[in-house]
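Okay, structure first, notes after.
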Amino acid sequence: MLTWNPCGAEIEDLTAENMTRLKDLFPAAFRDGEIDLAALKQLLGVDDEGDADERYGLVWHGKRKARQIALTPSTGTLLPCPDNSVGWDRTRNLLIEGDNLEVLKLLLKSCAGTVKLIYIDPPYNTGKDFVYEDNFRDSVGNYLQVTGQGDREGKRLTSNAEQSGRFHTNWLNMMYPRLKLARSFLRDDGAMFVSIDDGEVGNLRHVCDEIFGEENFVANVVWQKKYTRANDARWFSDNHDHILVYGRKKDALQLNGLPRSEAQLKSYSNPDNHPNGPWKATPLHAKSGKNTNPFTFSNGVTWAPPSGTFRRFNDASMRRMDEMGEIWFGTDGSQVPQRKTFLSQAKKGVTPTTLWTHQEAGHNHEASNDLKALGLGGLFDNPKPVRLVRKMLELATAADAEHVVMDFFAGSGTTAHAVIDANEADGGNRRFICVQLPEPIDPPRRTDGASFSDIADIAAVRIRRAGEAAAKSGDQKVLDRGFRRLKLASSNFRAWTPDADGLEKTLLDNVEHLVPGRTDLDILTELLLRLGLDPSASVEKRQIAGKEVYGVEEGPLIACFAENVTRDVVEDLGTGIVAWADAMGQNGSVRVVMNDSGFQDDVAKTNLASILDQGGITELRAL
Ligand SMILES: C[S@@+](CC[C@H](N)C(=O)[O-])C[C@H]1O[C@@H](n2cnc3c(N)ncnc32)[C@H](O)[C@@H]1O
């Protein structure tokens, strides 16, 4: 007989999950259910007797806590905001308003190991930017307080001043748990790009090496953010940023070649009408090798590598190229012989360099113009140019593989804009997940028909307008240019926080365990997150026996949060659910979730369970 499993307390508990994995690997390191670290070290063959404080690595005050913070489950949820979204029912893109640490924790169960590219542009810790301070005990409460949504007066966001004794420490404590979680979102062939300037690049490199493993470091790209010289700079005019690139597993990461520039294409031509098409002349010698023997071509010309160099090709290859007309002796046949390297046979794209000039990747001024073009000029300081992120997309994503791109310091939404534009250009189906704190704009602004009280509003309006602009300019009608907007909030389920002096009242309050005022869609979204289903999955609503029932084919999941489920509707409701599960084609694996307090009594509840059981449904849960 099918039994009811509660699904209330299923928020991702990373510590418990890691412990289970560890126990699986090293059962002997556990005694009485507790981990024995000394035994684990012995099993790993790690001898750290003495010298504990002389270990190599970056150490700062609060590192241990920062590590722990990454592992504590979130007590919050994401509330859907369909009215502030674009194409809610159809889109797979997400714009989430909230503190990214909490949001990442909430998304982890659904999205771990699914993201192809993460790009972040965090606060650089300039002394002027705001650096979020996590609260270990009450993270969601702290967030609501910080953003002025709590019941007490909102705290003002302040910048991390350079004079503060913990300047780097505060920044590292903020970054560490977020980077740690970020890694878990990447697919094995995924990559993470992080923008930073000289202020924190050293610390960031250390922390990323620790989190990703230094063997997964791919590159430190230098991006020319400015092309003009700051003559008022005291020592150097600061014209570049860094972009650190890491792979989740570097060996699995394959970067695409970049398209050839106009100038690069111009170097190919076809003066002799060769059937292989345009070519460019390249040397027959190389800097290293062994073979220095001369070679005589069929036209009688004898060639030998210049002194100090070596032959690139052996006799057989030279002969083949000669026979195929692939050697160039100049228009009048008098030049040093060279090889014709054909465009059609060249590598699909060019290998990226670690130097990204403003001509190829845009610059700061261009980034401001990107916003101005959408009527959002002057609203946001220091955005990145769309072309910079397009370049990352070009390198690390494919058009037609539904690659997920994540940016959890989204700012004005440049990453989402770049994804929309990239899809428009190649008809692609990349998706984005962007997270942005509702950092207030003080005073709120109204411009060009929209009002903005925080930075998440800017991102939302920008993404909507970027989608509209793309739709106007392109002819690809089916592309996803919308987004679901969600926001971080306290859970839909009441937390069990017993009040010792008013236990009876606490008990009575918790009979109704759902927070009043929340909608079915709110509860359903939390359910998706708790069950590890994609919060962008499409949801179908049906009326069965007069009750609203929701189906998520991608789950598969069927949920009903209705009240007043009486004995007389149970039969129709149950058979309707079974028929829907059948239509989903996989009713053995369909999970059914019902609101426990919605049943008239235990008889109604038991009857429903047995109808579902007979219908082949094996997993039944109670809210
Ligand atoms: C440098 S900006 C990113 C700019 C972005 N790349 C663009 O082109 O618009 C960093 C952003 O991170 C946001 N931020 C800071 N702490 C955050 C947190 N804990 N959660 C989410 N966003 C945060 C800030 O509000 C700021 O808008």
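The values are calculated or read from the model by the stated rules, or taken from the named source; none is laboratory data. Everything numeric here is computed off the predicted structure, so don't read it as measured data. Note that each Cβ is placed from the backbone with ideal geometry, even for glycine, and that neighbours are counted across all protein chains shown. Heads up: the accessible areas ignore ligands, DNA and RNA and are worked out on the full protein's heavy atoms, side chains in. Shrake-Rupley method; radii C 1.70, N 1.55, O 1.52, S 1.80 Å.
Structure summary
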quantity	calculated
DSSP-assigned coil residues among GluC sites (Glu not before Pro) in the range 102-207, each with at most 10 further Cβ atoms within 10 Å	153
Projected label distance in nm at residue 13 and residue 83, using a 7 Å step from Cα toward the beta-carbon	3.8 nm
Net dipole in debye of the range 323-377 [+1 Lys, Arg Cβ; -1 Asp, Glu Cβ; about Cα centre; nearest 20]	140 debye
Signed unit charges on C-beta, dipole axis of the chain, positive-most listed residue 525, 142, 111	111
Calculated [θ] (222 nm, deg cm²/dmol) that DSSP helices of n ≥ 4 give over the chain, each run adding -39,500 (n - 2.57)	-9500 deg cm²/dmol
Fraction of accessible area attributable to carbon and sulfur, the range 556-623 (%, probe 1.4 Å)	41 percent
10 Å beta-carbon shell around residue 132, net charge (K/R +1, D/E -1)	-3
For the chain: rounded, prolate or oblate by the Cα gyration tensor [a/c cutoff 1.5]	prolate
For the range 77-157, size of Cβ-based charge dipole, Lys and Arg +1, Asp and Glu -1, in debye	260 debye
Rounded FRET efficiency, nearest 0.05, which uses the C-beta distance separating residue 603 from residue 373 and R0 of 56 Å	0.30
Computed label-point distance, nm, for sites residue 67 and residue 228 using a 7 Å Cα→Cβ extension	4.8 nm
Relative contact order %, the range 500-622, counting alpha carbon pairs below 8 Å whose residues are six or more apart	21 percent
Probe 1.4 Å, protein heavy atoms only - accessible area per residue of the chain in square angstrom	50 Å²
Computed over the chain: relative contact order in percent, which uses C-alpha pairs under 8 Å that are six or more apart	19 percent
Cα-based convex hull, the range 500-622, per residue volume (Å³, whole number)	116 Å³
Unsatisfied cross-links (Cα-Cα over 21 Å) in the set 41/249; 226/391; 250/287	41/249; 250/287
Charge dipole (debye, nearest 20) of the chain; +1 at Cβ of Lys and Arg, -1 at Cβ of Asp and Glu	2620 debye
Solvent accessible area, Å² - residue 285, 1.4 Å probe, full protein context	60 Å²
The range 342-373 and the range 266-303: distance between their alpha carbon centers, rounded to Å	31 Å
Full-extension gain in nm, residue 381 to residue 359, via 0.36 nm per residue minus C-alpha separation	5.8 nm
Heavy atoms of residue 88 accessible to a 1.4 Å probe, total area in Å² rounded to 10	40 Å²
Pair residue 270, residue 24: separation of 7 Å Cα→Cβ label points (nm)	5.6 nm
Ranked order, 60, 328, 356 - accessible area, probe 1.4 Å, largest first	328, 60, 356
